[in-house]
Structure formats: structure tokens, C-alpha cells
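The next block holds one structure in the form of C-alpha cells; read it before the comments.
The values are calculated or read from the model by the stated rules, or taken from the named source; none is laboratory data. What you see is a predicted model, and the numbers here were worked out from it, not measured in a lab. A quick note on method: Cβ atoms are made from the backbone with ideal geometry, for glycine too, and the neighbour counts reach across all protein chains shown. Note: accessible area is taken over every heavy atom of the protein model, side chains too, but ligands, DNA and RNA are not part of it. Shrake-Rupley method; radii C 1.70, N 1.55, O 1.52, S 1.80 Å.
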Amino acid sequence: MRNRMSGFAVLFLVMALVLSACAPAAAPAAAPVAEGESTEAVAAEGGDGATSELRVAWWGSQNRHDRTIAAIELFEQLHPEIKVVYEFSGWDDHWTKMTTQAAGGNLPDVMQQDYARLEEWVSRGLLMPLDAYVADGTLNFDNVSESALAGGIIDGQLYGVNLGTNSMVIVIDADKLAEAGLEAPRPDWTFAEFEALATQLHENLGIYGFTGGLSNEQLWKNLYLSLGEWVYNEDGSALGYEDDQPLLDYLGMVKRMQDAGIIPTRETEVAEQGSSVEDNDIVSGDAAMTYVWSNQLVALSAAAGEGRNFLLVPMPRPEGGASTNYLKPSMFFSITSQAKNPDAAAMFIDFFTNDIEANKILMAERGVPISSAVRDALQPELDVAQQQIFNYIAEIESSVSPIPPPDAAGHANVINNVYWPLVMDPFFYGQQSLEDTVRILREQANAVLAESAGQ
Amino acid sequence: MSNALPAPAAPASATAKAPTRPRKRGGARRTDNLMGYLFIAPWLVAFLAFTLIPIVASFVLAFTNYDVLNPSWSWVGLQNFERMFTRDPRYIKSLQATFFYAFTAIPLRLAFALAVAMLLNTHRRGVSTYRAAYYAPSIVGGSVAVAVMWREIFGADGLINAILGTDITWLGNPNTAIWTLIVLAVWQFGSPMLIFLAGLKQIPREFYEAAAIDGAHGGQQFWHITLPLLTPIIFFNLVMQLISGFMVFTQAFIITGGAPLDTTLFYALYLYQRAFVSLQMGYASAMAWVLLAIVAVMTALVFRSSSYWVFYGSQEEN
Amino acid sequence: MDSATTAPADRAMSRSQSRPLWRRMPTRTLLYHLLVGGLGILMLYPILWLFASSFKGAAEIWTNVRSLIPQDFTLANYTNGWRGFGGITFATFYANSFFYAGVATLLTVLASAVVAYGFARINFVGRRIWFACMLATLMLPVQVQIIPQYIIFSELGWINTFYPLLLPRIGGQAFFIFMIMQFIRGIPKDLDEAAEMDGCGKGGIFFRIILPQIVPALITAAIFSFYWTWEDFLTPLIYLNDPKLYTVSLALRSFADPSGQTDWGAIFAMSSLSLVPVFVIFVAFQRFLVEGISTTGLKG
């Protein structure tokens, strides 16, 4: 790992050394109110018999923090020789913090990773391949299907262990559907049927037929996945599809629905963006359908309150296409290449994956567990929403499309600097024709991708 | 003639009341390097130890393609700067949004702060309650709760539409979104207001008493005593609001994220996105230095102008 | 202009002590209260909304959004929020925030006053250049300084301690230095010179003459510094890893996860609660601001 400390880091090392020489020699023994020892001090202390330290970092909300910390305490009971030091934050903060730590060569042993970022981190050599730990049995995947692990594999090596399986899902308010006198759609419904159902719901009930970001990049990706293609080419240097017609048709439909008031306009979406799952129009009864990631159904149901009935249906697909759904790892645990204690890290990840008691604490909060033994053990303890999620994942498992390759290294750049500002927003705000929109996406995305891949 | 007041503006009797000890010209100009450096030593040490290196580093990185995660980088010369002005439409939009914000929010905020400070600079009953009420919005800061709150107030069926009887998606409409952030900035006007208040409190009571005896009241006192004596504080608030106005980040970060159509994509927000989302720290560093240049020029202009309108009790040149 | 109207108004009041309060009020005062009070309520509305939301039940927060009156009043959000994360309660976060904001404010205000005096009143070689440097530090966005600064503190072994948060404050902060400078420059120099003739050194002048006169500025600086430090989450986020060291502002941000379940009630409750210390500090200190120095000190 030392050879990574090249260039930039060395420059700072020298500067910092010069600096520390003239820094106040005996820094005051500041007494931060809680235990203010540095991490090294904690490890050296070893008052509770721990001989090694394991650092874990994740993002989440209160519920996840509580459960994860409880599971960590269980792990420490089982492995008294390991002291687990943890740090948690919200989503944005997690990445700011991890990025900074990476630059300082100070990453934790285990970090929670995201599918959209995995390639970015692997390509910079910041994550450690886990195959050796799988081979020696530290990571035991006997009860795990290959498809559940596939998302963490890049260039043939495993870089992240899936912490829960997710898939996108259309949530229909069953009572509204009945009120409108309409039938639930088939699992393999098309966009045309989707548009028709949303239109009828809107016309019969006077509320939004559907709510949720249909211009989201996720749906662009799903569209081409369903057609057996992928939005990026193999080396991430350009778009991976030739035919713009499906996108043209799809965006045309979304615009049509917006203009007819069947779904919220982009303007309304923007005004409400950043709102949480809890703020969805379906919660307040102002919309009859929405889409979420399957694990978000728990939050949606909780916010909606008692006595609501939600129906789960797979995402619609283009005419003649395969499923637009795939099973996505909700998040991963990865071992960083700066880890000081990778062996304990692997044990910890295995514990998270396979330990029944731990998973009874975690209660599938990160998505449907990948181990079938864990799933079976949790079944009797699930609440209604979780039961629905487990059933949904089980039902679609056999018919979903294979997981697409991880996003190109230039993905974040494409989405933030091309997809939204130059493509989708100008189109949905009526500043740009559909044809121009699709053309600009191709031109600009290719330019950005070529540059990112060339670096 | 007194040195404490701008002579042409002050009523004669007020000037007469002000201290009139003659000034020793030589004393004021004397330099005292040892004491000077001794007094600024705390700042100088902290600056050299903790701030200088990051500043130099960011300058160096402006000419590289450093991406934070990858420790190896290469020199790209002026390419970052060239891209900014020729191949980055979002950059231009971020400049537009920032200048628009700076030139509307700053004057509004300062005017409002000064007006309220004047209103609250009195011994009327209940004024401390008012002072607390007006300052309160400024302490809610930039938490997630504020984002939800602001979106709610400007929402389709929120307070603002209810009051105005309109049906505008304030945060979604490219013509109105930036105004919600300007209103937020004006609403949180507590810090300049408090500084104005402290400045008003520092104006010696004798000046007003003298002016009152002289028959000057209300508006005259304001123009001839309050305003001139407050100019150092107005100057300070102007400079600081100018700088922080160009650095505006948090509100857009938590509420709009730059949307709609990049009309609220403030410079610092775009810079943050480039640095930590697209991982282009080299480019972000280049952007930071251009911003520094812009703000430095604007600040220098204000400083230049200050000799025409800022009056110091100590009458030194700045 | 109100300082001017105060005196007659006071006189009017004392003249008519026997009449009921509302009759004693001159029309001007009444208008004043209508205008200032009315505007004040408008200013407070969003805060009232926040507090009201913090007492709404989980199912009500997003279904009864607009109302300022909770249908079903609950304190559960406060107990849930205060619980914190995995056994680390907000008591810990508050203790950390008080430590951070308290020490940082003390350092900042003291250092800023000393440095401001140096810049405002002493002529020395390089004064303008250093002052320009100081202002320039405010003009470079912090986002590009985070990483190099982190590397420095990391090499010094100070990650997960309060040193990176507090040590930079030994130099004061540019904003306050400049602010206090402006107040010092508003003070006539004659007093300094008189003291100097009496054999007082620069240090003596600073402590005996300048310091007493800039009390309103120092109080203002203390109020802001405390609040800005209290609110700061970026520095604690970057440098503090152990949740037992988290500050309130950082803990507040650990509640929300846009992709998962968020207890908004707890966020509103803890956000409301986090305003209390800052508000109390303001109310406690503003009394000194009001009294100020007004007439003292200048009769040199």
C-alpha cells in the first residue's frame, strides 16, 4: 500500500513534517468531554482484552445506526479479541468523509459501498479483492446464490459483499385502484398499459395516476437493459447503445403524461425533490401509484400509517422487451486497500452475512438478506411490509434481467453535468425538442465518457 | 476641529462637544514593528501553520487533474481554466446565478438589517423581546429541518401561496426559485443586524444630546450623526456580506441542489459538486482561484471607495 | 433616529403613570408595536412551524403538514430523538457541542480582539499585506482546502481529537478580527495618545482603554462565534470519527437517509431542541449589548 503514497501525499507528508516540527510541542491535554483518545490509543489500551481493532463505516438513518451498533456489540461478544470502532453518518456526509479519508490514506477497514460508486473506487485501487477470503472460507457463501453476489464482481474479482437485495417496484394503492374500478396489471405489463392505467386512475379519481421521477437516469438504464443492451459500452468510453428510438418513445410518453396532468410535471418534481420517501404523494393520498426501491416500502408504509393496502408490481417494460427489473445489491460492505486489519474485516462481513442472531437484530433493514438460511430464519418475524418485500423479490427472481455491469467511471460526471442539466431538464421544461434532447445526450455523454476513460 | 466626526456633515454644536485634544501627527505615523507583530502573532502563527499550506496546495492543484481518490495526477497547464470559460455551459450558469444572488440578496439584506437595527435601537417596552424574535430566524441555520421547512412554506399549497392567493411552484419555476433563496437570506438577517446594533450602541450619547439642544431631530440626526458614525460598521458589513454572498453554498445545497435548470447553481455549490461528486478536485481548485480573483477585485473596489464615504473616529487612513 | 425619540417618549410615559397602559401609549408607540410586532410574528412563523411539527405523531407529520396545531400532541419525537444512536444519547452530543463551541468561542474572541488591536492601531511593516492575506483566506472556498488540511492533521496524528477543531482558533477568525478592527477604528485616538503620554505601553492601552470600549463588539463576536461553531458540522464530520465525540450538528445529520427510513419527527424535535442553547446565549448576552458602553469611556 505504501507505493500508493505517491506524488501528492508525499508532498504533504514533507510539508506536514516540517510543520509538526514547529507545531506547539506539547499540545495542551485538551479534555474532550467524552473519551477523546485517538483510535490508536484505544487499540493500545486493550483494557477489555481486545488485541486488534477493526474500523467500520456506514451511512444510514437512526434505525440503521441502532441495529448495526447492536450487531457490532454481538460481534464483539463472539470475538473478544477484536475491538470494533465505528463511524456513521448520513448519505452525503458519508461520501465527503470517505473521500477525504481516502486522500489522507486513512480509510476504515470496512466501508459501506454503493453500486453506483463501486467501479470508481475499484478503478482507483482503493478496495481489496475478497476472493482469497472466499477461497479460505473466512467468507462463507454456501447459502448464497451466484446472482446475489454478481453485483460486487468487477473484472472477475469480488470487491463488495451484497448486504441486501433490492429491486425497483411499482407500488399501487390498492384501495384507490378498487375505488376507480380498475384491475391490477399483469407482472409483465408494458409502458403502453402503464400509461393507460395511470390515465384511467387520473380520470376516475382526479388525483395523480402516478408519481415519481420517470425521467430518472435509473429508468433510462432499465430501458436499454430490457432491450438486451446497456447504456455504457464495455470500457465506459461511450454510450453502449445505437438506437435512440426507444428513448425517444419513452420520453415522449413521459412528456405526454406530464402535459395531461396524469403525473406531476418536472417543475413540480423539482419543487419537491430531495424530499424523502415519507413525503411521497401516495402517502398523502394524492397519487394512486409510485415507484420505489423495494426496501423503501418499509418507510413508505410507516409514513402512510395503519389501514393502507399497497400492491407491488414489477416495473413496466417496452413493447417486446424483457424485464426492466434486475436484482441490485442495496449496498455493500467492502474492505479498503488501506485496511489495517483485513482479516478481522472479512470475519466481520461474514458475520453480517451469515449470523442468524445478528440478522435478527438487523432485520433486513438493508434489503433482503442474500443468505437463504438467514431469509428462512427471519420469515416468521417479518412485519407486513417486509413480508411483501420478501415475497416480491422471491416472485421476480426467476424472471428479472441479469444485473448490468457497474456504471462507467465517468457515470457521476455524465449524470450531474450532462443528463440533468443539458438533457432532461431543458426537455421537460419545454426549452428543447425531443429530437435535440436525444441527440445532445449522445454527443455530450460521449464527450465526457471519452475523457473519463482516457485519464 | 474635531477628528471624531466628519466635519462637514456634523452639526456645529455636536462637534464642539466631541473631544478636541490636538493630535500629534508624528505619533500616529510612528511604526512599531515589534509590538505590531506581537499583537498579530496569534493570527500569523495559526495562518502559517494551518491555512497557508492548504491554500498553496489548492493553487498548485488548479493546474492538475487531481481527482482526490487517485493519488497520482498530472499537470494539465491552463486546461482547467480554458475549459471553464469555453467548454462548460454550467460554469457560466453558476456565475450568472451567483452574481444575480449577490447583487440582490446583499443590498436587500443590509438594508433590512439596518432598518430593523434602527427600529430596535430604543428603550421602548418589549424591545428585547422583539430583538430576540428578529434574531431567532438566523439561528436555524442550514440543517435538514430548514430544507423541509422552506420547501413546505414555498410548496404548492404552502404559506406563501396561501397569503398571495397564487398557485406557483416557487422552487420548481426557473424564474422564481432563486428568489426563495434570496428571501431566506433576507429572513436570516440577524448577524448584520446585530453588528449594526452594536455599532449604534457605540455612538456616544453626547452627540445626540448636543444635537437635540441644537434643535436637530429625527431625520437630521440620522443623516448628520448616526449615518456618518456608523459608516465603519456599514463598510464592514458590506465587505463581509459581499464575500459571504459570493461564497453562498449551504442554502442551495440543502434546498434546491442547483435546480431548476441550474438557476440556483451557486458557484460554491457547483465547485463542491465538481470536487466531491464528479471527483474533479483539480478543476474545482481552478474554479476556487477564479472565484478568489473575482471577489478580491470586488472587495478591492469597495476598499478603494471607502475613503470617500467611511469616516473613522480615529481619522486614520486605511 | 429612535434614540432621539426615546427621550420624549419616556417622559410622556412617566407623566401618565396613573392611566391604563394602552391609554398611556402615544399613537406613535402603538404604531411602532403594530409594525415591529407584526413583522416579528411573520419572521417567527417558520420557527413556529418547526416546533409544531416536532410535536406531531409519525403518521401526522406528512399528512397534516400545514397545520401549526398538532392533531394528536406527542412528546415521543423528543424521547426517540434524544435516545440518539446505539446507546449514545444526545446528552453526549450536547456535552461535546458545548465543549467545542465554548472553548472555540473563548479562543476566537480573545485572539481576535488582540489581533484586531494590532491591525487597527499599530503601524508596522507589512501590515497591509498581512491584512490582505487575512481577508483573502475568506475568499477561497473551503471545499478545496478540506483535503490538504485533512492530510496535515492526519500526519500530525490528530484525527479523532478536538485539536483540528480548536487549534486553528488560536489565531482568531478573520471575520471577527476585521469586525473588531472597525469598532476600534471608530474610537478617537486621542485617548490612546493621552495614555501614551502618561507612560502607558501598547499593552496597557489595549487592556485599559480599548478593551472596555469594544465590549459590544466582543459580545457580538461571542454570540456569532458560539452559534457558528455550534452549527458547524463539516469540521466535526471530517475530523471526529468516534460517535462518542460527535457534536449535535453532526448527530442531527445522521438521522436522515434519503434512500431509507427517516424519523422526521425526531429530526424536527432535535432540531428544535438544538436551537435552545444558541437562543439562550443570545438572550443572556444581548442584555449587555443593550446597555452597551454608551456614555462611559469617552470622557477621557
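Entry remark, segment A:230-266: residues being of a type outside the set (Val, Ile, Thr) and under 21 Å from A:Ser452 (Cα atoms) number 12 in total.
Looking only at segment C:131-184, filter to residues that are hydroxyl-bearing (Ser, Thr, Tyr) and more than 8 Å from chain B (Cβ to nearest Cβ); which one of those is farthest from the chain's Cα centre (by Cα)? First the steps, then the outcome.
Here is the first cut: in segment C:131-184, the residues hydroxyl-bearing (Ser, Thr, Tyr) are C:137, C:150, C:154, C:161, C:163.
If we keep only those that are more than 8 Å from chain B (Cβ to nearest Cβ) as well, we get C:150, C:154, C:161, C:163.
Details: C:Tyr150: 26, C:Ser154: 29, C:Thr161: 23, C:Tyr163: 21 Å.
The selected residue is C:Ser154.
Just name the residue that is nearest to B:Phe222 (Cα to Cα) out of those in segment B:105-123 that are more than 14 Å from every other protein chain (Cβ to nearest Cβ) and surrounded by 17 or more Cβ atoms within 10 Å (Cβ to Cβ). Ranking the candidates gives B:Leu110 first. Each residue in segment B:47-66 was checked for being in a helix (DSSP H, G or I) and under 21 Å from B:Gly77 (Cβ atoms), and 7 of them qualify.
For segment C:73-90, state whether one or more residues are more than 9 Å from every other protein chain (Cβ to nearest Cβ), farther than 30 Å from A:Glu73 by Cβ, part of a loop (DSSP other than H, G, I, E, B) and free of Cβ contacts under 8 Å to residues at least 40 places away in the same chain.
The first filter runs over segment C:73-90 and keeps only residues more than 9 Å from every other protein chain (Cβ to nearest Cβ), leaving C:73-79, C:82, C:89-90.
Pick out the ones that are also farther than 30 Å from A:Glu73 by Cβ and you get C:73.
Now narrow it down to the ones that are part of a loop (DSSP other than H, G, I, E, B): C:73.
Right, trim to free of Cβ contacts under 8 Å to residues at least 40 places away in the same chain and you get C:73.
Checking segment C:73-90: at least one residue is more than 9 Å from every other protein chain (Cβ to nearest Cβ), farther than 30 Å from A:Glu73 by Cβ, part of a loop (DSSP other than H, G, I, E, B) and free of Cβ contacts under 8 Å to residues at least 40 places away in the same chain.
Of all residues in segment B:149-163, one or more are in a helix (DSSP H, G or I), at pLDDT below 85 and farther than 24 Å from C:Phe268 by Cα.
Can you name the residue in segment A:347-406 that is over 30 Å from A:Pro318 (Cβ atoms) and polar (S, T, N, Q) and, of all such residues, is surrounded by the fewest Cβ atoms within 10 Å (Cβ to Cβ)? Selected residue: A:Gln379.
No other residue among B:Gln202, B:Gln188 is among the polar types (S, T, N, Q), within 9 Å of another protein chain (Cβ to nearest Cβ), within 27 Å of the chain's Cα centre (by Cα) and under 29 Å from C:Phe285 (Cβ atoms) apart from B:Gln202. Would you check if A:Asp286 is surrounded by fewer than 20 Cβ atoms within 10 Å (Cβ to Cβ) and touching a strand residue (DSSP E or B) at 6+ places or on another chain (Cβ under 7 Å)? It is true that A:Asp286 is surrounded by fewer than 20 Cβ atoms within 10 Å (Cβ to Cβ) and touching a strand residue (DSSP E or B) at 6+ places or on another chain (Cβ under 7 Å). Assessment of segment B:264-272 against the conditions (in a helix (DSSP H, G or I) and more than 11 Å from chain C (Cβ to nearest Cβ)) yields no matching residue. Tell me which residues, restricted to segment C:190-200, are without any contact (Cβ under 8 Å) to a residue 12 or more places away in the chain and within 8 Å of chain B (Cβ to nearest Cβ). The answer is C:Glu193, C:Glu196.
A count restricted to segment A:166-209 and to residues that are touching a Ser or Thr at 6+ places or on another chain (Cβ under 7 Å) and farther than 15 Å from A:Ile263 by Cβ stands at 3. Between A:Val423, A:Val414, the distinction of being within 10 Å of chain B (Cβ to nearest Cβ), modelled with pLDDT of 90 or more and on the phi < 0 side of the Ramachandran plot belongs to A:Val414 only. Does C:Arg127 qualify as being more than 26 Å from B:Pro71 (Cα to Cα) and surrounded by 21 or more Cβ atoms within 10 Å (Cβ to Cβ)? Considered against the rule, which asks whether it is more than 26 Å from B:Pro71 (Cα to Cα) and surrounded by 21 or more Cβ atoms within 10 Å (Cβ to Cβ), C:Arg127 comes out as no.
Residues that are more than 27 Å from C:Leu106 (Cβ to Cβ): list the helices (runs of 4 or more DSSP H) wholly contained in segment C:187-264 that include at least 2 such residues.
Numbers: elements: C:190-197, C:202-205, C:215-231, C:234-239, C:248-253.
Passing ranges, in order: C:190-197.
If we scan segment C:51-66, do we find a residue that is outside the structural domain of C:Pro277 (by TED's automatic domain parsing), modelled with pLDDT under 80 and surrounded by fewer than 14 Cβ atoms within 10 Å (Cβ to Cβ)? Before you say what the answer is, go through the steps one by one.
Of segment C:51-66, the ones outside the structural domain of C:Pro277 (by TED's automatic domain parsing) are C:51-66.
Still in the running and modelled with pLDDT under 80: C:58-66.
Then drop every residue that is not surrounded by fewer than 14 Cβ atoms within 10 Å (Cβ to Cβ), which leaves C:66.
Within segment C:51-66 (the criterion being outside the structural domain of C:Pro277 (by TED's automatic domain parsing), modelled with pLDDT under 80 and surrounded by fewer than 14 Cβ atoms within 10 Å (Cβ to Cβ)), the answer is yes, since at least one residue qualifies.
For segment C:221-230, check the following and say yes or no: at least one residue is β-branched (Val, Ile, Thr) and open to solvent by 30 Å² or more (accessible area, probe 1.4 Å). Don't jump to the end; show me each part of the working.
Looking only at segment C:221-230, we keep the residues that are β-branched (Val, Ile, Thr), and these are C:223, C:229.
Keeping just the survivors that are open to solvent by 30 Å² or more (accessible area, probe 1.4 Å) gives none.
Within segment C:221-230, not a single residue is β-branched (Val, Ile, Thr) and open to solvent by 30 Å² or more (accessible area, probe 1.4 Å).
Within the bounds of segment A:104-125, is there any residue that is within 25 Å of C:Glu155 (Cβ to Cβ), part of a helix (DSSP H, G or I), open to solvent by less than 20 Å² (accessible area, probe 1.4 Å) and within 14 Å of chain C (Cβ to nearest Cβ)? No: zero hits. Among the residues of segment A:330-346, the ones that are open to solvent by less than 10 Å² (accessible area, probe 1.4 Å) and outside any loop (DSSP other than H, G, I, E, B) come to 8 in all. Screening C:Pro212, C:Pro216, C:Pro168 for residues that are crowded, with 19+ Cβ neighbours inside 10 Å and modelled with pLDDT under 90 leaves exactly one candidate, C:Pro216.
So that you can scan it fast, the table gives a plain yes or no per residue for (1) without any contact (Cβ under 8 Å) to a residue 24 or more places away in the chain; (2) out of contact with any Leu (no Cβ under 6 Å at 6 or more places or on another chain):
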{"site": "B:Phe154", "(1), (2)": "no, no"}
{"site": "B:Thr166", "(1), (2)": "yes, yes"}
{"site": "B:Val183", "(1), (2)": "yes, yes"}
{"site": "B:Trp187", "(1), (2)": "no, yes"}
{"site": "B:Leu200", "(1), (2)": "no, yes"}
{"site": "B:Gly218", "(1), (2)": "yes, yes"}
{"site": "B:Phe246", "(1), (2)": "no, yes"}
{"site": "B:Ala252", "(1), (2)": "no, no"}
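Just one of the listed residues (C:Pro164, C:Pro212, C:Pro188) is in the same structural domain as C:Tyr239 (by TED's automatic domain parsing) and either within 30 Å of A:Arg55 (Cα to Cα) or in contact with a helix residue (DSSP H, G or I) (Cβ under 7 Å, 6 or more places away or on another chain) (or both), and it is C:Pro164.
Quick grid of which residues meet (1) surrounded by 19 or more Cβ atoms within 10 Å (Cβ to Cβ); (2) under 30 Å from B:Ile139 (Cα atoms):
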site	(1), (2)
C:Val144	yes, yes
C:Gly157	no, no
C:Met181	yes, yes
C:Lys189	yes, no
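If you go through segment C:103-124 one residue at a time, how many are open to solvent by less than 30 Å² (accessible area, probe 1.4 Å), touching a residue at least 24 places away in the same chain (Cβ under 8 Å) and assigned to a helix (DSSP H, G or I)? Residues that pass the stated criteria total 13.
Against the condition at positive phi and at the interface with chain C (Cβ under 8 Å from one of its Cβ atoms), how does B:Gly218 come out, does it pass? So B:Gly218 fits the description; yes. Only a single criterion out of (1) open to solvent by 60 Å² or more (accessible area, probe 1.4 Å); (2) at pLDDT below 75; (3) hydroxyl-bearing (Ser, Thr, Tyr) is not satisfied by C:Thr79, namely (2). What's the total number of residues in segment C:267-300 that are modelled with pLDDT under 70 and of a type in the set (Gly, Ala, Ser)? Number satisfying all stated conditions: 4.
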